[in-house]
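Take a look at the structure set out below.
Values in this text are rule-based calculations from the coordinates and carry no lab data. Since we're looking at a predicted model, the values are computed, not measured. Backbone-built Cβ (ideal geometry, glycine too); neighbour counts: all protein chains shown.
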Amino acid sequence: MKLSEIARRLGCQLDGDGEIEITGVAGIEEAHPGQLTFLANRKYAPAVKTTRASAIVIAKDAGPLPLAALRSDNPYLDFARAIELFYQSPQYSPGIHPAAVVSAKAKIGEGAHIGPYCFVDDEVEIGRHAVLHSFVSIYRGVRIGDNFFAHSHSVVREFCRLGNRVILQNGVVVGADGFGFAKQADGRWHKMRQSGITVVEDDVEIQAGSCVDRATIGETRIRRGAKLDNFVQVGHASTVGEDTLLCGQVGLAGSTVVGNRCILAGQVGAAGHLEIGDGAVLTARSAVHNDVPAGQVVSGSPGMDNKLWLKCTVAFNHLPELVKTVRELKSELEKLRKRS
């Protein structure tokens, strides 16, 4: 595909030879002649001078370049769109594989593909053009919208509700029992019946190995457009807001409310029964035990304002010298006391 055609499809400003033939896309350090790369992180700016790519997607205000460019208001987004021009995901023909078990009481929408060793229970409703890849289990009474895609070994438990264009990556479990136990007088634990459900709204993607527990009563809800990374745990009766990102190994205890357009970076932990306001950012390995105001950036454990945490980190790095100074001052003070 000629670079000029890519520029037209992406709506980018062409800077350079539009007749260059582009055969694929690649990262800036791995690219070869004939490939299109991108620069969205200034950290990799020096690589622009050494990349072997034939063209680059880059910000409009970037200076002169040694190669052809597609200048963009959002290079990362436009490169993501460029990938779609060269890579098409496998397509799955409609039908039910002979090795699948689908209840006669289930309703399967037009154009659905149900692969080998899938199980679809009674009273399930699945919308149009769904794909259940293989070894997918859909429990009784589940309702799923259109264009659902479930990769191998994903599970949707009984009576849960999923919207349109939901994607479950490998090993996801939606609606597993919440972690609810009541302590008895003899010290043993009585399992609380998990009578609630999990609701996943439109355009949500949940990545490999993650679990969204059902509520003890009521519901756990993942709102429209939220994205959950690998090994994320959402506890029972929690809510995750619209377009919020939960990155790898985030853990939300029960009844946590996360607002819209938040980012919880890797290994963030949230104690239960708290609220994280809209637009808040929790940096990697933060742990919060109290409510987080909207728009705040939080770091550390226990979580605190990011700017304060940065100051504390600087101070922590100087603790050995501070301890030495305190000891020396203490010694001098003892000497003065003895003299007096």
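Details
- Given +1 at the Cβ of Lys and Arg, -1 at the Cβ of Asp and Glu and no other charges, the dipole of the range 179-253 around its Cα centre is 500 debye to the nearest 20.
- Bridges between two residues of the range 196-340, per DSSP, are antiparallel at a rate of about 5%.
- Backbone HN-Hα couplings from phi across the range 229-246 [Karplus 6.51/-1.76/1.60, Hz, Gly and Pro as x]: 7, 4, 6, 8, 10, 10, x, 4, 6, 7, 10, 10, x, 5, 6, 7, 10, 10
- Ranked for footprinting exposure by Cβ neighbours inside 10 Å, fewest first, VAL288, VAL257 give VAL257, VAL288.
- Qualifying chymotrypsin sites (Phe, Trp or Tyr not before Pro) in the range 55-98, DSSP loop, other Cβ atoms within 10 Å at most 13: TYR87
- Overall shape: oblate for the range 117-270, with the ratio a/c of the largest to smallest alpha carbon gyration tensor axis at 1.5 or above and b/c at least equal to a/b.
- In a DSSP loop and with at most 13 other Cβ atoms within 10 Å, the trypsin sites (Lys or Arg not before Pro) in the range 95-191 are LYS105, ARG188.
- Residues of type lysines that LYS2 reaches as a straight line, Cα spacing below 27 Å, ignoring anything fewer than 8 places off in the same chain: LYS49, LYS60
- Eligible lysines near LYS335 by straight Cα distance, threshold 29 Å, same-chain separation 8 or greater: LYS324
- Shape of the range 1-62, Cα gyration tensor, a/c cut at 1.5: oblate
- Choice from GLY27, GLY111, GLY277 showing the highest fluctuation, given a GNM over the chain with Cα pairs closer than 10 Å: GLY27
- Looking at the chain, the DSSP beta bridges with both ends there are about 10 percent antiparallel.
- Cα gyration tensor category, rounded, prolate or oblate, for the chain with a/c compared to 1.5: oblate
- Cβ charges +1 (Lys, Arg) and -1 (Asp, Glu), total dipole of the chain, debye: 1420 debye
- Among HIS190, HIS289, HIS133, HIS236, sorting on how many other beta-carbon atoms sit within 10 Å of each Cβ, with the fewest leading, yields HIS190, HIS289, HIS133, HIS236.
- Distances between placed amide hydrogens fall under 5 Å for PHE38 paired with ILE28, VAL57, all partners being 5 or more residues away or on another chain.
- Order of CYS211, CYS160, CYS312 under a 10 Å beta carbon neighbour criterion, fewest first: CYS312, CYS211, CYS160
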